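Notes for the one structure printed next.
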Amino acid sequence: RRRAPPRRAAEAAEAGAEDKPAAEPKSLDCNQVMEILPHRYPFLLVDKVKEYVPGEYAIGVKNVTINDNFFPGHFPDRPIMPGVLQVEAMAQVGGIVMLDADPDAKGTFFFGGVDKCRFRQPVVPGDTLEMKVTLTSLRKRFGIAKMHGEAYVDGKLVCDVDMLLVTGK
């Protein structure tokens with residue numbers, strides 16, 4: 001027999017919306033982000049989380065400055081934030097959502113995969129990268145989360161990706 005496909009987190013939330021009131025979004029400052037994420041300078045790529053619904057989604061912010069350590073080599077005459085670091089920043093925002101959704105995760109997570117990644121325009125010094133990462137599926141038993149991330153600069157989509165994150169035991 002075929003099993004019914006798993007419901008996305010958003011569909012499940014809508015289905016259960018009648019049962020309980022919607023969670024109020026909260027925010028996290030840099031210190032609160034560092035309490036959740038194991039990353040530190042120079043690899044902590046989330047400055048703050050401006051909107052966050054635990055176990056559902058988060059909107060994180062990375063202020064891109066000429067002082068970021070990757071610009072001297074990428075590229076000296078035309079500094080551009082590397083696309084892989086944009087994806088890493090979204091994974092860190094996703095990690096906040098995942099670690100909250102799975103209390104057994106113990107603070108560590110890793111990439112399990114990246115699909116359908118598109119870079120739509122360069123991110124340069126002076127930009128504010130705003131990243132919305134949504135939990136689409138969580139298999140707590142296996143420590144696996146599927147996420148969809150979108151990054152924006154001035155309201156324009158600059159990168160989108162589907163990610164698989166795995167908790168570290």
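The values are calculated or read from the model by the stated rules, or taken from the named source; none is laboratory data. In this text, all values refer to a predicted model and were calculated from it rather than measured experimentally. Here the Cβ is made from the backbone with ideal geometry for all residues, glycine too, and neighbour counts use every protein chain on show. In case anyone asks, the SASA skips ligands and DNA or RNA and just uses the protein heavy atoms, side chains included. Shrake-Rupley method; radii C 1.70, N 1.55, O 1.52, S 1.80 Å.
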key: Selected residue (criterion: nearest to THR167 (Cα to Cα)) from residues of the range 129-156 that are modelled with pLDDT under 95 and among the hydrophobic types (A, V, I, L, M, F, W, C)   = ILE144
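Return the only residue of GLY55, GLY94, GLY60 being in contact (Cβ under 8 Å) with a residue 60 or more places away in the chain and at positive phi.
On the way: GLY94 fails: at positive phi; GLY60 fails: at positive phi.
Of the residues listed, the single one that is in contact (Cβ under 8 Å) with a residue 60 or more places away in the chain and at positive phi is GLY55.
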ask   = Which one is nearest to the chain's Cα centre (by Cα), of the residues in the range 65-100 that are more than 17 Å from VAL33 (Cα to Cα) and among the aliphatic types (A, V, I, L, M)?
value = VAL87
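Check the range 90-98 and report whether any residue there is outside any loop (DSSP other than H, G, I, E, B), open to solvent by less than 20 Å² (accessible area, probe 1.4 Å), among the aliphatic types (A, V, I, L, M) and in contact with a Lys or Arg (Cβ under 6 Å, 6 or more places away or on another chain). Reasoning before the result, please.
Filtering the range 90-98 for residues outside any loop (DSSP other than H, G, I, E, B) gives 90-98.
Okay, now just the ones that are also open to solvent by less than 20 Å² (accessible area, probe 1.4 Å), so 90-98.
Cutting the leftovers down to among the aliphatic types (A, V, I, L, M) gives us 90-91, 93, 96-98.
Keeping just the survivors that are in contact with a Lys or Arg (Cβ under 6 Å, 6 or more places away or on another chain) gives none.
Taking every residue of the range 90-98 in turn, none turns out to be outside any loop (DSSP other than H, G, I, E, B), open to solvent by less than 20 Å² (accessible area, probe 1.4 Å), among the aliphatic types (A, V, I, L, M) and in contact with a Lys or Arg (Cβ under 6 Å, 6 or more places away or on another chain).
Of all residues in the range 64-82, which are open to solvent by less than 80 Å² (accessible area, probe 1.4 Å) and either assigned to a loop (DSSP other than H, G, I, E, B) or under 19 Å from ASP47 (Cβ atoms) (or both)?
Residues satisfying the conditions are VAL64, THR65, ASP68, PHE70, PHE71, HIS74, PRO79, ILE80, MET81, PRO82.
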